[in-house]
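Written below as structure tokens is the structure these notes are about.
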Amino acid sequence: MKGGSRVRTLRELRVSLIFLAVVALLPFVVRVPYWLGVLIVSMYFAIVAAAWNLLAGYTGQFSLAPATFAMIGGYSSGLLYHHFQISPWVGIPVGVVACGVIGFLLGVVVLRLRGPYLALTTLSFAEIIRLVIGNSYTLTRGDLGLSVPAIFEDRLAYYYLFLLVLVVVQLGLYVLVRSRAGLYLQAIRDDDVAAAGRGVNVVLWKTASFSLSSAICGLAGGIYVHFILLASPEIGLVLETGLVLSMAVIGGMGTLIGPLLGAFLVEISSEAFRDVGLSHMLVFSLMVILVGRFFREGLWGLLERLRDRRSPIPHPSVTPEEGGPT
Amino acid sequence: MLALEVTVTGLLMGAFYGLMAIGLTLIFGILKVVNFSHGEFFMIGAYTYTLLMLKAGVSVWIAVPSAFLVGTLVGFATERLLMRPLYRTYSEWGVMRDEYAIIVTFGLSLFLMNLANQIIGPYPYRGPDLVAVSRVEIGSLMMSAQRLVASLLALVVLASAYLFMRSSRWGKEIQAVAQNRLGASIAGINTARASALVFALSSGLVALSGALLAPLFHAYPAVGVFPALKSYVIVVLGGMGSAIGSIVGGFLLGILESLGATYISYAYRDTFGFLILMLVLIFRPHGLFGEKVREV
């Protein structure tokens with residue numbers, strides 16, 4: 001299926017690296033700080049969407065908590081600075097570790113759950129964390145949020161830091177997906193019982209995937225709060241998770257490049273929609289429904305189809321290889 | 001005295017919670033998917049009721065049934081447009097099926113929320129009162145007449161929905177499809193009609209609860225988020241797919257929340273439900289009254 005063949009994955013990596021190279025050159029053309037900000041936010045979302053894609057697209061664990069982990073990452077650094085004046089350069093890595101550990105624990109908790117149950121549990125986890133942070137006024141200043149210091153003077157520095165993280169994440173995911181571990185993850189996605197039957201340590205790889213994905217989200221969130229200078233519960237809203245999910249789905253789930261394309265497309269065009277006075281989420285949620293309903297492979301899948309027109313268009317619901325176990 | 005008041009408040013909320021959640025469990029029973037746009041049907045009901053009363057000036061007697069009707073129609077359309085592929089070809093989808101259902105209903109939830117925001121605007125409208133009296137005293141117990149009337153109404157609707165599912169011909173067909181779709185269709189039951197009926201009815205019921213709660217919750221685009229989350233808690237508590245379980249679960253959550261808010265902490269009252277949800281999912285995944293439908 002998607003992402004299965006090595007050739008495909010390599011092509012996805014090549015295209016994403018070309019794409020990121022273009023992004024790296026953009027600041028020479030785009031000099032308006034506002035648009036640089038939009039691109040930075042796109043990269044933040046691209047990192048979170050890529051992390052979510054590792055969990056949902058490659059491992060088949062449909063978590064609804066990616067934004068929550070970004071929020072945890074942000075608050076880790078924010079709280080350390082607020083209470084102990086610890087530098088963000090220490091706080092961000094602490095956040096990454098914290099998210100990795102919490103993600104691991106969540107992974108253990110939801111180990112036996114599947115599909116809608118997994119989605120519900122992670123959703124309630126997300127809401128508990130957000131409500132606790134929003135209500136613990138003495139510790140976190142509640143819904144007001146924590147103001148956090150900047151880590152750079154210049155927007156460009158943030159820009160290239162995010163780009164660096166994005167490139168590393170993208171390369172790391174490529175190596176992971178191509179490795180034996182990547183095959184294990186995809187085997188678990190396609191059929192975890194069969195995977196266990198063939199000797200895959202399902203417990204280990206599921207929890208590892210949860211932990212890694214959460215840690216990446218935490219890293220993105222940690223840097224992000226120091227860019228917007230505020231750690232607030234709004235980072236972890238279900239709506240934000242919805243945005244992350246839309247990006248990955250529109251771009252193409254279970255592909256390396258899908259979340260990247262989706263994040264930039266959604267974030268940049270939402271600015272354009274804002275000018276027209278149309279709610280961007282209205283358009284994207286409609287796109288999510290249409291993609292889910294009619295072409296599961298997303299934007300990247302469409303591009304792939306255009307590339308080799310000879311192959312007939314597979315219908316999402318009837319291709320035998322997509323049908324799961326009976 | 002306080003304990004009694006807390007329990008009564010909990011029981012009153014419980015009736016709403018049951019009405020809110022029963023649709024979710026019915027849909028799960030027949031389609032085996034969780035409808036993540038459940039809360040937006042609550043919103044549709046709240047808006048229909050509020051706007052009809054405020055802008056069109058119709059009476060309560062028309063506004064409340066209209067909310068049910070509009071919810072039913074939107075639910076019917078949703079089923080036709082988005083839910084059909086789940087069973088059009090009778091094949092096991094495995095993981096893809098859950099993925100499809102989550103993506104599409106989550107997308108629908110965001111879509112409806114933003115549609116309301118775009119058309120009606122983000123400002124909350126306070127739902128007009130159901131009755132003119134504001135307080136009722138029973139013995140030494142004071143309670144809001146609004147809540148009392150709305151709860152009684154909710155109870156009546158719940159009871160009739162339950163009787164409909166149990167005893168009517170359509171209800172029995174629905175039960176049959178929920179048990180075994182293929183078997184039911186071999187026995188000559190129109191499974192597509194049963195599914196459409198369930199989806200429409202479920203959406204109507206949650207929209208009705210939205211109308212009844214509009215004086216309390218108001219009507220705004222994101223009003224459905226909390227009712228939806230509560231419904232998930234209730235349905236998991238009572239067992240997915242069990243109608244009676246969702247009613248019992250509703251009362252249970254109502255009382256637990258009311259107790260927790262009074263005796264533990266008001267600020268964290270909404271977290272109790274989620275904690276219960278996680279605990280039940282971890283230790284008793286098929287709920288307190290659940291039929292063992294969940295695959296391992």
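The values are calculated or read from the model by the stated rules, or taken from the named source; none is laboratory data. Since the structure is predicted, the reported quantities are computational estimates derived from the model, not experimental observations. A quick note on method: Cβ atoms are made from the backbone with ideal geometry, for glycine too, and the neighbour counts reach across all protein chains shown.
Filter the stretch A:246-270 down to the residues that are more than 12 Å from chain B (Cβ to nearest Cβ), of a type in the set (S, T, N, Q) and surrounded by fewer than 24 Cβ atoms within 10 Å (Cβ to Cβ) and list them by number. If the condition is that a residue be more than 12 Å from chain B (Cβ to nearest Cβ), of a type in the set (S, T, N, Q) and surrounded by fewer than 24 Cβ atoms within 10 Å (Cβ to Cβ), then A:Ser269 is the only one that fits. Is the stretch B:119-137 home to any residue that is modelled with pLDDT of 85 or more, surrounded by fewer than 12 Cβ atoms within 10 Å (Cβ to Cβ) and farther than 19 Å from B:Pro215 by Cα? Yes, the stretch B:119-137 contains a residue that is modelled with pLDDT of 85 or more, surrounded by fewer than 12 Cβ atoms within 10 Å (Cβ to Cβ) and farther than 19 Å from B:Pro215 by Cα. Give the stretch A:108-135 a look and list any residue that's in contact with a helix residue (DSSP H, G or I) (Cβ under 8 Å, 6 or more places away or on another chain), more than 7 Å from chain B (Cβ to nearest Cβ) and hydrophobic (A, V, I, L, M, F, W, C), or say none. Of everything in the stretch A:108-135, those that are in contact with a helix residue (DSSP H, G or I) (Cβ under 8 Å, 6 or more places away or on another chain), more than 7 Å from chain B (Cβ to nearest Cβ) and hydrophobic (A, V, I, L, M, F, W, C) turn out to be A:Val108, A:Val110, A:Leu111, A:Leu123, A:Ala126, A:Ile129, A:Ile133. Has the stretch A:224-245 got any residue that is more than 29 Å from B:Ala228 (Cβ to Cβ), buried (at least 24 other Cβ atoms within 10 Å of the Cβ) and at pLDDT 90 or above? Taking every residue of the stretch A:224-245 in turn, none turns out to be more than 29 Å from B:Ala228 (Cβ to Cβ), buried (at least 24 other Cβ atoms within 10 Å of the Cβ) and at pLDDT 90 or above. The set of residues in the stretch A:110-127 being surrounded by fewer than 18 Cβ atoms within 10 Å (Cβ to Cβ) and either within 18 Å of the chain's Cα centre (by Cα) or touching a residue at least 12 places away in the same chain (Cβ under 8 Å) (or both) consists of A:Leu111 alone. Select from the stretch B:1-44 the residues that are within 14 Å of another protein chain (Cβ to nearest Cβ), more than 24 Å from B:Asn114 (Cα to Cα), of a type outside the set (A, V, I, L, M) and part of a helix (DSSP H, G or I) and list them in ascending order. Selection gives B:Thr25, B:Phe28, B:Gly29. Inside the stretch B:254-286, residues that are surrounded by fewer than 18 Cβ atoms within 10 Å (Cβ to Cβ) and either touching a strand residue (DSSP E or B) at 6+ places or on another chain (Cβ under 9 Å) or more than 7 Å from chain A (Cβ to nearest Cβ) (or both) make up a count of 9.
Just one of B:Val157, B:Val198, B:Val177 is within 30 Å of B:Lys55 (Cα to Cα), in contact (Cβ under 8 Å) with a residue 24 or more places away in the chain and assigned to a helix (DSSP H, G or I); which is it?
Matching residue, one of B:Val157, B:Val198, B:Val177: B:Val157.
Output the residues belonging to the stretch A:271-291 that are of a type in the set (Gly, Ala, Ser), part of a helix (DSSP H, G or I) and either surrounded by 14 or more Cβ atoms within 10 Å (Cβ to Cβ) or in contact with a Phe, Trp or Tyr (Cβ under 6 Å, 6 or more places away or on another chain) (or both). Within the stretch A:271-291, just A:Ser285 meets the criteria. Any chance the stretch A:205-218 includes a residue that's within 14 Å of chain B (Cβ to nearest Cβ), part of a helix (DSSP H, G or I), at pLDDT 85 or above and surrounded by fewer than 19 Cβ atoms within 10 Å (Cβ to Cβ)? Within the stretch A:205-218, not a single residue is within 14 Å of chain B (Cβ to nearest Cβ), part of a helix (DSSP H, G or I), at pLDDT 85 or above and surrounded by fewer than 19 Cβ atoms within 10 Å (Cβ to Cβ).
Quick check on A:Ala157: is it under 16 Å from A:Leu55 (Cβ atoms) and assigned to a helix (DSSP H, G or I)? Judged against the criteria, A:Ala157 is not a match.
All conditions in (1) touching a Ser or Thr at 6+ places or on another chain (Cβ under 8 Å); (2) free of Cβ contacts under 8 Å to residues at least 60 places away in the same chain; (3) closer than 19 Å to B:Leu205 by Cα hold for B:Gly127, with the sole exception of (2). Among the residues that make up the stretch B:218-227, is at least one of them surrounded by fewer than 23 Cβ atoms within 10 Å (Cβ to Cβ) and in a helix (DSSP H, G or I)? Yes; the residues of the stretch B:218-227 include at least one that is surrounded by fewer than 23 Cβ atoms within 10 Å (Cβ to Cβ) and in a helix (DSSP H, G or I). Screening the candidates B:Ala192, B:Ala214, B:Ala207 for the property of being touching a residue at least 24 places away in the same chain (Cβ under 8 Å), surrounded by fewer than 20 Cβ atoms within 10 Å (Cβ to Cβ) and within 18 Å of B:Thr72 (Cβ to Cβ) yields one hit, B:Ala192.
Within the stretch A:292-306, the set of residues being part of a helix (DSSP H, G or I) and more than 8 Å from chain B (Cβ to nearest Cβ) comprises A:Phe294, A:Gly298, A:Leu299, A:Trp300, A:Gly301, A:Leu302, A:Leu303, A:Glu304, A:Arg305, A:Leu306.
Within the stretch B:239-260, the set of residues being of a type outside the set (D, E, K, R) and farther than 21 Å from B:Lys172 by Cα comprises B:Val248, B:Gly249, B:Gly250, B:Phe251, B:Leu252, B:Leu253, B:Gly254, B:Ile255, B:Leu256, B:Ser258, B:Leu259, B:Gly260. Within the set B:Phe36, B:Phe42, the sole residue that is over 30 Å from B:Leu182 (Cα atoms), crowded, with 23+ Cβ neighbours inside 10 Å and in contact with a Ser or Thr (Cβ under 9 Å, 6 or more places away or on another chain) turns out to be B:Phe42. What's the total number of residues in the stretch A:271-286 that are modelled with pLDDT of 80 or more and facing another protein chain (nearest Cβ under 8 Å)? Looking only at that region, the number is 4.
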